[in-house]
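The next block holds one structure in the form of structure tokens; read it before the comments.
The values are calculated or read from the model by the stated rules, or taken from the named source; none is laboratory data. These numbers come from a predicted model, not from an experiment. Here Cβ is always computed from backbone atoms with ideal geometry, including for glycine, and neighbour counts include all displayed protein chains.
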Amino acid sequence: ISMIHPLFPDSAEKLNALAVMSVDLGSESMKIAIVKPGVPMEIVLNKESQRKTPVTVALKENERLFGDSAMGMSIKNPKIALRYFQDLLGKHIDNPQVTLYRWLTDSKEILAMVLNYSRGLAEEFAEQPVKDAVITVPVYFNQAERRAVLHAAQMADLKVLQLINDNTAVALNYGVFRRKDINATVQNIMFYDMGAGNTVCTIVTYQTVKTKDSGTQPQLQIRGVGFDRTLGGLEMEYRLRDYLVKLFNKQQPSKDVRQNLRAMAKLLKEANRLKTILSANADHVAQIEGLLDDVDFKAKVSRQEFEDLCSDLFQRVPGPVLQALSSAEMNLDEIDQVILVGGATRVPKVQEVLLKAVDKDELGKNINADEAAAMGAVYQAAALSKAFKVKPFIVRDAAIFPIQVEFTREVEEEDKSKSLKHNKRILFQRMAPYPQRKVITFNRYTDDFEFCVNYGDLAFLSQDDLQAFGSLNLTTVKLRGVGDSFRKHLDYESKGIKAHFNMDESGVLSLDRVESVFETVVEDKPEEESTLTSKYTLKSTLSGSCVPLFKIFVASVMVLQIDLFIYPGVASLTQDPKEKEESGKEEEMSKSRGDSTDTKMEEKKPKVPKKQKLVDEISVELDVRDVLDLLEEELKSSVKNDLYSSQDKLYQEEYQFVSTEEQREEISRKLSEASNWMEEEGYRATTKELKEKLSELKKLCRSLFFRVEERRKWPDRLNALENLLNHSTIFLKGARMIPEADQIFTEVELSTLEKAISETVTWKNETLAEQNKLPPTEKPTLLSKDIELKIAALDREVQYLLNKAKFAKPRPKKERIPQKLIQARMPQLPPTARRLSLPRRRKEKVRHTQDRQVLGLTYLYDHLLHISPP
């Protein structure tokens with residue numbers, strides 16, 4: 001009770017509706033916890049008085065069932081029950097994770113239903129409204145998956161205080177109840193969490209640290225994370241179920257239980273029970289009355305049989321441990337204790353294999369394996385809520401997927417020719433702590449440009465994990481107004497275009513703002529005579545209501561002054577302005593201490609000229625690439641939104657450009673009819689009718705929207721095709737310049753590439769000419785998908801030659817060419833290819849002309865071709 005106190009214990013009115021909640025969303029069940037005045041951190045009991053609730057939704061005609069009621073329905077009628085949908089969040093329909101499921105629907109809507117149900121349980125238990133929540137998510141959730149959870153919470157009208165990683169919530173719960181044991185000495189604790197659907201291993205460092213505001217406080221820092229997305233109790237249950245299926249089919253040869261979904265659901269439920277009992281017993285009898293056609297099933301299963309069925313699963317148990325140690329750059333000797341979390345860790349074989357893998361005397365079991373995450377999350381909810389006073393506990397989480405910024409700029413070669421260079425700058429490294437702000441500076445742009453935010457090197461993921469991961473492209477950022485900004489401030493020195501990024505407490509990345517920063521030297525005048533009126537200058541921000549703006553500006557000034565240049569003259573990256581500001585203050589203090597002995601010398605130094613900075617905000621257009629757009633929050637609101645959106649678009653210039661007056665009048669008339677129907681009958685329409693109406697509206701405007709969308713896509717796609725043609729032509733020229741004695745490509749191969757280039761150029765020119773003859777109101781002949789196909793086809797031809805070059809065998813030693821001849825032949829390569837081959841040659845000690853030429857061509861293509869992906 002001493003950990004959490006009501007902020008207003010004397011006011012019953014203010015205490016109303018102060019409760020906060022947490023939802024620990026597991027793949028199989030969820031735990032809900034609340035904090036309200038007088039009730040510190042309590043697990044919510046559901047309607048069946050259970051402390052955990054199945055994450056199951058059953059859609060039965062006009063009725064929705066949740067929790068245990070839905071679980072019961074999943075046995076009676078499995079077709080209408082939705083379970084284990086967590087892995088569908090934020091994924092496209094072609095993702096391998098989605099293909100595992102037999103139903104296709106918007107998983108965000110299903111999750112929204114579950115969250116709304118969880119809030120109802122919390123409100124009933126708290127006896128007051130609850131709107132603020134902290135929700136746990138798996139640590140391996142990427143940006144798309146995290147945003148999908150936030151969208152679902154928004155649909156459920158829940159205010160998400162934070163998405164907290166479930167492993168972090170467990171670590172917080174552990175630390176809160178052992179606060180007295182945490183001191184300045186570092187403690188490294190490993191949490192091994194095996195649940196129903198996945199396994200996560202986390203290394204956490206506990207110690208006390210000094211803070212500016214609260215003095216010395218305990219802190220946890222996530223140091224290393226390893227995971228296996230499909231290793232868990234559910235997969236063990238599937239193995240047991242399939243084993244029971246074989247036993248039943250053997251007992252009843254004339255029947256096949258696999259053809260009956262209801263019988264299979266009963267077997268899975270029995271497998272769950274059997275797994276639990278075998279964790280404490282050597283054997284047990286599985287039995288189900290009336291499994292199929294009133295035939296009972298009974299069979300004895302031993303723990304050894306169960307372990308044999310799951311032997312390959314148990315071999316995967318050490319995997320997350322090794323990943324966690326690798327990401328933390330630690331070894332087992334540095335781990336003080338290993339603690340078990342999650343229901344599946346109760347399986348004896350899991351503990352046996354894990355104990356051997358971590359090389360410890362014993363495994364810690366001094367934490368509630370089922371409820372630790374929910375309790376840690378609700379503590380964080382109370383800390384984030386303004387209604388409670390909570391003893392501080394600093395949490396430093398880590399982003400396990402690196403994120404980088406990619407951009408292309410034109411560079412001048414040694415021979416004065418110009419080429420495009422693709423640059424990558426790490427924004428957040430693997431295991432980078434968050435929340436954290438970063439600034440990246442672009443110094444070579446004076447006009448509008450764009451850059452991409454993508455995931456970095458994910459080589460630590462398995463092939464299956466990469467396929468399930470989804471898109472590696474996060475967002476394309478298009479900047480507008482850069483050129484205008486430079487033209488307005490010709491008398492100022494540019495300090496670059498600065499993009500301010502923020503990874504918040506939920507691990508969600510956002511682009512806060514982009515600014516064009518300039519600087520000039522101003523005449524030194526007495527302070528009282530300073531009359532600078534620019535709203536961007538330091539003096540104007542010092543007055544009255546501008547104090548908050550001044551703090552933001554000072555932080556950005558600190559960033560400007562101490563940028564860490566990653567690539568001189570191109571882009572720079574800085575850390576959190578607050579951290580920079582603190583380090584700047586320390587440096588300032590150290591200087592002030594030295595000033596006392598050198599006062600006279602300081603007086604003789606010339607005055608540093610004052611500089612004035614000016615900041616222009618740059619307009620930003622974001623194209624999010626990694627997650628599906630939010631689908632309808634409700635069908636009715638979707639129909640209304642479609643109506644209003646379509647009506648508005650009819651009067652927009654780009655839509656008027658591709659449509660005739662008659663077409664717009666026809667669409668407008670039908671939209672008005674649909675709007676009248678919504679007002680008169682929409683409120684009592686069935687789900688089926690609403691879906692049909694929504695489909696009609698989309699079909700009505702489909703061709704119009706298609707023409708607009710195609711015209712939006714043309715510039716990027718055509719630019720990518722043009723770049724590919726240019727660079728594949730360069731590659732072909734370089735390949736043909738290889739001396740005959742060293743040539744690794746046949747004439748047929750080179751001619752095939754030349755033909756592909758020629759045909760692509762012809763297709764592009766003819767299609768563009770044909771498109772230009774068509775009025776914009778007609779269906780276009782130039783289609784973005786056709787451009788993408790041409791890009792893919794031409795890219796395949798070049799990649800074929802590159803692969804052949806990479807695996808070509810070098811000359812025997814006896815046939816090596818003298819060094820002088822090598823040097824004579826090297827200039828025959830294009831300068832770019834020759835230069836790009838040098839770093840790799842030195843590193844790998846390449847000695848053959850052929851090897852140098854192959855490396856040069858390979859680098860030429862890799863670095864110059866893939867700069868404008870379609």
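Within the stretch 220-241, not a single residue is more than 17 Å from LEU309 (Cα to Cα) and surrounded by fewer than 18 Cβ atoms within 10 Å (Cβ to Cβ). Selection of the stretch 177-198 for residues being of a type in the set (Val, Ile, Thr) and either at pLDDT below 95 or in a loop (DSSP other than H, G, I, E, B) (or both) yields ILE182, THR185, VAL186. Within the set of pairs 6+ apart or on separate chains, which have a first residue in the stretch 115-128 that is under 15 Å from GLY38 (Cα atoms), a second that is crowded, with 17+ Cβ neighbours inside 10 Å and of a type in the set (Lys, Arg), and C-beta atoms under 7 Å apart? So the pair list comes out as ALA126/LYS36; GLN128/LYS36. The condition (being over 15 Å from the mean Cα position of the chain (by Cα) and either of a type outside the set (Gly, Ala, Ser) or part of a helix (DSSP H, G or I) (or both)) is satisfied by just one residue among ALA133, ALA169: ALA169.
Can you find a residue that is at pLDDT below 95, of a type outside the set (Lys, Arg) and farther than 30 Å from GLU123 by Cα anywhere in the stretch 154-176? Checked the stretch 154-176: no residue is at pLDDT below 95, of a type outside the set (Lys, Arg) and farther than 30 Å from GLU123 by Cα.
Okay, residues lined up against (1) under 30 Å from the mean Cα position of the chain (by Cα); (2) within 30 Å of LEU247 (Cα to Cα):
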residue: SER311; (1), (2): no, yes
residue: ARG316; (1), (2): yes, yes
residue: ASN331; (1), (2): yes, no
residue: VAL347; (1), (2): no, yes
residue: PHE388; (1), (2): no, no
residue: LYS418; (1), (2): no, no
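Under the condition of being in contact with a strand residue (DSSP E or B) (Cβ under 7 Å, 6 or more places away or on another chain), within 24 Å of LEU340 (Cβ to Cβ), surrounded by fewer than 24 Cβ atoms within 10 Å (Cβ to Cβ) and hydrophobic (A, V, I, L, M, F, W, C), the residues counted in the stretch 173-201 number 3. When the residues of the stretch 28-41 are filtered to those that are touching a Leu at 6+ places or on another chain (Cβ under 7 Å) and outside any strand (DSSP E or B), the one that is modelled with the highest pLDDT is GLU28. In the set GLU778, GLU754, GLU797, GLU759, only one residue is exposed (fewer than 15 other Cβ atoms within 10 Å of the Cβ), more than 30 Å from GLU653 (Cα to Cα) and modelled with pLDDT of 85 or more; that residue is GLU759. In the stretch 150-162, the condition of being touching a residue at least 40 places away in the same chain (Cβ under 8 Å), part of a helix (DSSP H, G or I) and more than 18 Å from LEU25 (Cβ to Cβ) is met by no residue. In the set LYS424, LYS438, only one residue is of a type outside the set (Gly, Ala, Ser) and free of Cβ contacts under 8 Å to residues at least 40 places away in the same chain; that residue is LYS424.
When the stretch 213-229 is examined, which residues are found to be out of contact with any helix residue (DSSP H, G or I) (no Cβ under 8 Å at 6 or more places or on another chain) and touching a residue at least 12 places away in the same chain (Cβ under 8 Å)? SER214, GLN217, GLN219, GLN221, listed by residue number. Go through (1) part of a helix (DSSP H, G or I); (2) more than 30 Å from ASN173 (Cβ to Cβ) and name the single condition ARG64 misses. ARG64 satisfies all of (1) part of a helix (DSSP H, G or I); (2) more than 30 Å from ASN173 (Cβ to Cβ) except (1).
Just the residues that are at pLDDT below 70, in a helix (DSSP H, G or I) and loosely packed, with under 14 Cβ neighbours inside 10 Å, please, taken from the stretch 663-684. Hits for the stretch 663-684 are GLU679, GLU680, TYR683, ARG684. Per the conditions (1) part of a helix (DSSP H, G or I); (2) out of contact with any helix residue (DSSP H, G or I) (no Cβ under 6 Å at 6 or more places or on another chain), the sole criterion not satisfied by THR777 is (1). Sub-8 Å Cβ pairs linking a first residue in the stretch 232-257 that is without any contact (Cβ under 8 Å) to a residue 12 or more places away in the chain to a second residue that is of a type in the set (S, T, N, Q), at least 6 apart or interchain, are ASP256/ASN249, ordered by first then second residue. When you scan the stretch 339-361, do you find a residue that is surrounded by fewer than 22 Cβ atoms within 10 Å (Cβ to Cβ), out of contact with any strand residue (DSSP E or B) (no Cβ under 7 Å at 6 or more places or on another chain) and assigned to a loop (DSSP other than H, G, I, E, B), even just one? Yes, the conditions are met somewhere in the stretch 339-361.
Within the stretch 55-68, is even one residue at pLDDT 90 or above, touching an Asp or Glu at 6+ places or on another chain (Cβ under 6 Å) and either buried (at least 19 other Cβ atoms within 10 Å of the Cβ) or of a type in the set (A, V, I, L, M, F, W, C) (or both)? No, the conditions are met nowhere in the stretch 55-68. Looking across LEU268, LEU261, one residue alone is exposed (fewer than 15 other Cβ atoms within 10 Å of the Cβ) and in the same structural domain as GLU305 (by TED's automatic domain parsing). It is LEU261.
Just give me the residues in the stretch 479-508 being in a loop (DSSP other than H, G, I, E, B) and either within 23 Å of PRO402 (Cβ to Cβ) or not assigned by TED's automatic domain parsing to the domain that holds ARG425 (or both), in sequence order. ASP504, GLU505, SER506, GLY507, VAL508, listed by residue number.
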